[in-house]
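Below is one structure, written out as structure tokens; the observations come after it.
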Amino acid sequence: MSEAPKPARKGLVFVVCAPSGTGKSTLIARLREEFDGIGFSVSYTTRQPRKGEEDGVHYHFVSREGFVAMRSRGEFCEWAEVHGNFYGTATQPVKDMLADGRDVLFDIDVQGAIQLRKTFTDGVFVFLLPPSREELLRRLEGRGTDAPDAVLKRMNNARGEMEQAENFDFWVVNDDLEKAYSELRSVYLAGKTRPALYNGILEKLLKEWD
């Protein structure tokens, strides 16, 4: 049985990180809606589901013991402990999508993104920034999903996360949703054209001149 032909282009690893409350989920949802062929990496987590979240859709919700067992077996390409909970990405499903030519979008924390770069060196890494501390606090309080002490914890963590922004390829400041989405979209489209993603297209073209 012959092997299936390789797609013209390998998939792109597209990573988006931001402090909680920056508007990352809204921007990512718009990107996925416009580019419905993009794959999405569903992370594993030990935290409890929030209202409206579905297992296998928003996250794979697992016990702490189950997560540690997967980690011990080397099944994660990145993992981190954030706000007292574990988060991680299983390696094989990502590699399968990339090999099929599907781009894979990651919505993960800063620690995970830095680990992920070691495995997927050709990825595009984007950091979203809030316009100000005051605006970030307003957004977190306005969500109404976290207790005051949890909001304070997220605000304290935001500074440390932003200190890691220099490790990313691109920055997008979400002071205006339409502008921020336009910039994020542009970065994604540019990333799809990276030479490293093409499966021998240049070599094939050059042979036509032989």
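So here's what we get for this one:
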item: Helix 24-34 vs. the chain, principal-axis angle (Cα, 0 to 90°, nearest 10); result: 30
item: Tensor-based shape of segment 104-191 (alpha-carbon gyration tensor, a/c under 1.5 rounded, otherwise prolate or oblate); result: oblate
item: Ascending count of other beta-carbon atoms within 10 Å, so fewest first, for L27, L205, L197; result: L205, L197, L27
item: Cα-based Lys pair tally, segment 58-210, threshold under 25 Å, eight or more apart or on separate chains; result: 7
item: Whether segment 52-129 is rounded, prolate or oblate, judged on the alpha carbon gyration tensor where a/c under 1.5 counts as rounded; result: rounded
item: 18 Å reach of a label modelled at S63, 7 Å along Cα-to-Cβ, counting backbone N of segment 72-98; result: 72-73, 85-87
item: Total charge dipole magnitude, segment 13-193, about the Cα centre, Cβ charges on Lys, Arg, Asp, Glu only, Debye to nearest 20; result: 280
item: Computed FRET value (nearest 0.05) for R9 with W171, which takes r as the C-beta separation and R₀ as 30 Å; result: 0.70
item: Relative contact order (%) - the chain, alpha-carbon pairs under 8 angstrom, separation at least six; result: 32
item: Rounded tilt (10° steps) of 148-162 against the dominant C-alpha axis of the chain; result: 40
item: Net lengthening on full extension, N199/R50 (0.36 nm per residue, minus Cα-Cα); result: 49.5 nm
item: Burial ordering of L152, L12, L129, fewest other beta-carbon atoms within 10 Å first; result: L152, L129, L12
item: The chain: antiparallel DSSP beta bridges as a percent of all, rounded to 5; result: 35
item: Max mean-square fluctuation residue, GNM over the chain, Cα-Cα springs under 10 Å, options K153, K95, K51; result: K51
item: Among (1) 1.00; (2) 1.11; (3) 0.96, the entry that matches Rg/Rh (Cα atoms, Kirkwood Rh) as calculated here; result: (1)
item: With Cα atoms, 0 to 90° folded angle of helix 133-143 axis to the chain main axis; result: 80
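Rule-based calculations on the coordinates, nothing more; no lab input. Since the structure is predicted, the reported quantities are computational estimates derived from the model, not experimental observations. With ideal geometry, Cβ positions are generated from the backbone for all residues, glycine too; neighbour counts draw on all protein chains shown.
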